[in-house]
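**Student:** Let me begin by handing over the structure; questions about it come next.
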Amino acid sequence: MQDAAASRGETDAAAAGGGDFRRHIPRTDAILSDPRLVAAARRLGPAPVKAAVRAAQERARAGGIAPAAVADTAFAALPATAGGLRQVLNATGVVLHTNLGRAALSAAAVDAVVAASGHTDVELDLETGRRARRGRTALAALAAAVPRAGAVHVVNNGAAALVLTATALAAGREIIVSRGEMVEIGDGFRLPALLESTGARLREVGTTNRTSVADYAAAVGPATGFILKVHPSNFVVRGFTSAAEVAELTGLGVPVVADIGSGLLASDPLLPGEPDADATLRAGADLVVASGDKLLGGPQAGLLLGDAALVERLRRHPLARALRVDKLTLAALQATLAGPVTPTWQALRYDVDALRERTRRVAARLPVAEVVRSVAVVGGGGAPELELASWALSLPESYALGLRRAEPPIAGRVEHGRLLLDLRCVPPAADELIVRAVSALT
Ligand SMILES: *Cc1c(COP(=O)(O)O)cnc(C)c1O
């Protein structure tokens, strides 16, 4: 009988040999004709929708939900997009959170990405109909932002910019670097290992806390590819310390490459400790390496700026082809450089009184929440010592998992047994979502 029912396409419950109430579970094709699920299948593809329906039917069979709720349950379980990555509200108070994808793109950059996502003139001159330099307008925007740079190039990320530089300028030769600048950038990745993977040898000079110009000068020789200065962007060394400045290293007869990390193109009074590309080139660096998705607030990218002949060598190296950025990155980068201020810039400058007012308004709707002082930070992207006075909603720590499971997920930070939600990096339009998500858990 079960086989017969299955072959006639009757209820899945019958096919599964269910009892009476299970027969009422709607058939898969009937559920899939729900207009919301039809639209979802168009958006996400049929497979995830079918999987969600099957999972909801399973739950109904197990008695976990009512048979009539299968379509609703399946629909609720579907993601907003087919992209796999979900939008998360960053209430951590960490502006550039590596685990949350560092910088949030501006609306201008998002629009640019959407516009570039189909066929686009990334390598075509529409006037002449001929091939054009890939990403020329984004490169022009970067060059315009740092006029002191003789030329610019963009690769996949800061690490790729270092690999390209080391490969093109020092493979089989030496990179002179201070022992105080042999840093780990996160997730176990260490710059020395990255540089050595190119076939360059590291010539370590000085000590962890002190390195002088004389240390570098003594190491320079025929095997030198370049001197590397690395900005310690995620830690500080205090006390009996000294380091040679870029300006002191330019007279040694070899190129000076400066990895400034953060991606500031010009000085920012809010971040006096952060090096910027303009000042570093002014000090005499031949090449500056920086990231696109840290303080610059753009897409993941590695920026290379400096001496025109050196940049051309990098651009022409075969490895450059393997590290090139795609059209979406170029579009987002250009919009970040030329467009309005970025969410990163805004988050760093959020008026603390306005933030307090906003946090109070949200808290007033949530009996479980208090308003407390908080300290926000830049994050892995730079300025390790900068503390931004801030305010946060304080909730019992037990809310953390429920909020991470909310739609959209909300990521806060746990401090002294409380869950803090700092709204600095949360778009104001999302306050309502926070109120709803917290209320649903109360
Ligand atoms: C972040 C950082 C890097 C790595 O850049 P990615 O864009 O993450 O690849 C390298 N050097 C320094 C000093 C950094 O801060």
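**Student:** From the backbone phi of segment 32-39, what are the Karplus-calculated ³J(HN,Hα) couplings (6.51 cos²θ - 1.76 cosθ + 1.60, θ = phi - 60°) in whole Hz, Gly and Pro given as x?
**Tutor:** Karplus-based 3J(HN,Hα) across segment 32-39 equals 5, 8, 4, x, 5, 6, 4, 5 Hz.
**Student:** I've got another one for you. Which order, highest average first, do 154-162, 243-251 follow once you tally other Cβ atoms within 10 Å for each residue and take the mean per peptide?
**Tutor:** Numbers: 154-162: 23.4, 243-251: 16.7.
With the highest mean Cβ count within 10 Å placed first, the list reads 154-162, 243-251.
**Student:** In sequence order, what are the phi-derived ³J(HN,Hα) couplings for segment 159-164 according to the Karplus relation 6.51 cos²θ - 1.76 cosθ + 1.60 with θ = phi - 60°, rounded to whole Hz, with x for glycine and proline?
**Tutor:** Listing the rounded values in order: 4, 5, 5, 5, 4, 5 Hz.
**Student:** Determine the sum of side-chain charges near Leu139: Lys and Arg each +1, Asp and Glu each -1, restricted to other residues whose C-beta is under 11 angstrom from that of Leu139.
**Tutor:** Working: positive: Arg133, Arg134, Arg136, Arg315; negative: none.
Within the 11 Å Cβ shell, the charges total +4.
**Student:** Next up: Show that you can apply the helix-only estimate: for the chain, add -39,500 (n - 2.57) for every DSSP H stretch of four or more residues, divide by all residues, and state [θ] at 222 nm to the nearest 500. Write down the numbers at each step before the final one.
**Tutor:** Numbers: 20 runs with 166 residues, N = 442.
The helix-only estimate for the chain comes to -10000 deg cm²/dmol at 222 nm.
**Student:** Among 316-323, 408-415, 257-264, 176-183, how do they line up from the highest to the lowest mean number of other beta-carbon atoms within 10 Å? Please list the in-between numbers first.
**Tutor:** Working: 316-323: 13.8, 408-415: 17.8, 257-264: 26.2, 176-183: 21.2.
So the order, starting with the most tightly packed, is 257-264, 176-183, 408-415, 316-323.
**Student:** Around Lys229, which amide H atoms from residues at least 5 apart in sequence, or from another chain, sit under 5 Å from its own amide H, with H modelled in the peptide plane?
**Tutor:** It is Val257, Ala258, Asp259, by chain and number.
**Student:** Here's something else I'd like to know. Using a 1.4 angstrom probe on the protein heavy atoms only, could you order Ile175, Ile65 from most to least accessible area?
**Tutor:** Numbers: Ile175 0, Ile65 30 Å².
Ranking Ile175, Ile65 by accessible area, largest first, yields Ile65, Ile175.
**Student:** With no solvent and one point on each alpha carbon, what is the Debye value of log10 I(q)/I(0) for segment 107-340 at q = 0.08, 0.12 Å⁻¹?
**Tutor:** Here log10 of I(q) over I(0) equals -0.29, -0.65.
**Student:** Calculate the dipole size of segment 219-295 relative to its Cα centre from +1 charges on Lys and Arg beta carbons and -1 charges on Asp and Glu beta carbons; express the result in debye to the nearest 20.
**Tutor:** Values: 4 positive and 9 negative charges, 40 e Å.
With only Lys, Arg, Asp and Glu charged at Cβ, the dipole is about 200 debye.
**Student:** Tell me the per residue accessible area of segment 289-442 using a 1.4 Å probe; a whole number in Å² is fine.
**Tutor:** On the way: 6970 Å² over 154 residues.
It amounts to 45 Å² per residue over segment 289-442.
**Student:** Across 10 Å bins from the origin, how do the percents of Cα pairs in segment 336-442 run, short distances first?
**Tutor:** Pairs per bin, as whole percents: 14, 46, 32, 7, 1.
**Student:** Now for a separate question. Among Pro79, His153, His416, whose Cα sits farthest toward the positive end of the charge dipole of the chain (+1 at Cβ of Lys/Arg, -1 at Cβ of Asp/Glu, about the Cα centre)?
**Tutor:** Farthest towards the positive end: Pro79.
**Student:** What are the principal axis extents of the Cα atoms in the chain, in Å, biggest first?
**Tutor:** On the principal axes, the chain reaches 88, 56, 41 Å in Cα extent.
**Student:** Still on this structure: Give the accessible surface of segment 153-238 per residue, rounded to a whole number of Å², with probe radius 1.4 Å and ligands, DNA and RNA excluded.
**Tutor:** 42 Å²
**Student:** Residue-wise, which Karplus ³J(HN,Hα) couplings in Hz belong to segment 238-255, taking 6.51 cos²θ - 1.76 cosθ + 1.60, θ = phi - 60°, and x for glycine or proline?
**Tutor:** 10, x, 7, 10, 7, 9, 7, 7, 3, 4, 7, 9, 7, x, 8, x, 10, x
**Student:** Further, regarding this structure: Nothing charged except the Cβ atoms of Lys and Arg (+1) and of Asp and Glu (-1): what's the magnitude of the dipole of the chain about its Cα centre? Round to the nearest 20 debye. Walk me through the intermediate numbers first.
**Tutor:** On the way: 48 positive and 44 negative charges, 179 e Å.
So the dipole magnitude of the chain works out to roughly 860 debye.
**Student:** Quick query: amide H of Thr224 versus all other amide H atoms, modeled in the peptide plane; which residues come in under 5 Å with a sequence gap of 5 or more or a different chain?
**Tutor:** Residues meeting the criterion, in which the H sits 1.01 Å from N, are Glu174.
**Student:** I've got another one for you. Under a 5 Å amide H to amide H cut-off, with H placed in plane at 1.01 Å, what residues pair with Gly93 once short-range neighbours are removed?
**Tutor:** Asp422, Cys425
**Student:** Here is a further query. Which order do you get for Lys327, Lys229, Lys50 if you rank them by accessible area with a 1.4 Å probe, largest at the top?
**Tutor:** Numbers: Lys327 65, Lys229 25, Lys50 90 Å².
The residues order as Lys50, Lys327, Lys229, largest area first.
**Student:** Turning to a different aspect of this structure: Heavy-atom accessible area of Trp391 with all protein chains present, probe 1.4 Å, nearest 10 Å²?
**Tutor:** Its accessible surface works out to 20 Å², give or take rounding.
**Student:** Another question about this same structure. Of the accessible area of the chain, with the probe set at 1.4 angstrom, what percent is carbon plus sulfur? Show your work: numbers first, answer last.
**Tutor:** Details: 11610 of 21390 Å².
That share works out to 54 percent.
The values are calculated or read from the model by the stated rules, or taken from the named source; none is laboratory data. Every value quoted in this text rests on a predicted model; they were computed, and no experiment measured them. Don't worry about glycine lacking a Cβ; one is built from the backbone with ideal geometry, like all the others, and counts go over all protein chains shown. The area values use the complete protein model at the heavy-atom level, side chains included, leaving out ligands, DNA and RNA. Shrake-Rupley method; radii C 1.70, N 1.55, O 1.52, S 1.80 Å.
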